[in-house]
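One structure below.
The values are calculated or read from the model by the stated rules, or taken from the named source; none is laboratory data. All of these numbers come straight from a predicted model, not from anything done at the bench. Cβ sites come from the backbone with ideal geometry, for glycine too, and all protein chains shown count toward neighbours. Please note that ligands, DNA and RNA were not included when accessible areas were found on the heavy atoms of the full protein model with its side chains. Shrake-Rupley method; radii C 1.70, N 1.55, O 1.52, S 1.80 Å.
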Amino acid sequence: QARIVESGGGLVQAGGSLTLSCAASGITFSINTIAWYRQAPGKQRELVATRSGGGTPNYADSVKGRFTISGDNADRTMYLQMNSLWPEDTAIYYCKFATVVGGYWGQGTQVTVSS
């Protein structure tokens, strides 16, 4: 059975940094895409960053130049380095491992940025 564990969220002041981590176990299919999403209160879940295979990552316009996605598909790990955080970045962040048979989601980790 697949198990996804996220960590690294917390409270940080505006301008600060956080790194989120996500690790999967029990996934028998190859990982083809890693992604981070977030959901702020009262808003829909949105895609923050994604990377397919070893290709070039893609980012939401709102986080370009501030966030960096990385990871190792073979090791089933991913990270989201977040710099220059704004209060608007406050949300629950979810990681997702995608395979040919579907996606596997983390439980979410809260990121709160104070002004």
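Observations on the structure shown:
- Placing dummy labels 7 Å off each Cα toward the beta-carbon, the span from Glu88 to Ala14 is 1.1 nm.
- Split the accessible area of the chain by element, probe 1.4 Å, and carbon with sulfur accounts for 49%.
- In this simple spin-label model, placing a label point 7 Å from the Cα along the Cα-to-Cβ direction at both Ser52 and Ala40 gives a separation of 2.8 nm.
- With both labels modelled 7 Å from their Cα along Cα-to-Cβ, the Ser30 to Asp61 distance reads 3.5 nm.
- Overall dimensions of the chain by Cα: Rg and Dmax, Å: 13.5, 43
- Normalising the average separation of contacting C-alpha pairs (under 8 angstrom, six or more residues apart) by the number of residues puts the relative contact order of the chain at 36 percent.
- The residues of the chain present an accessible area of 52 Å² per residue when probed at 1.4 Å with all protein chains retained.
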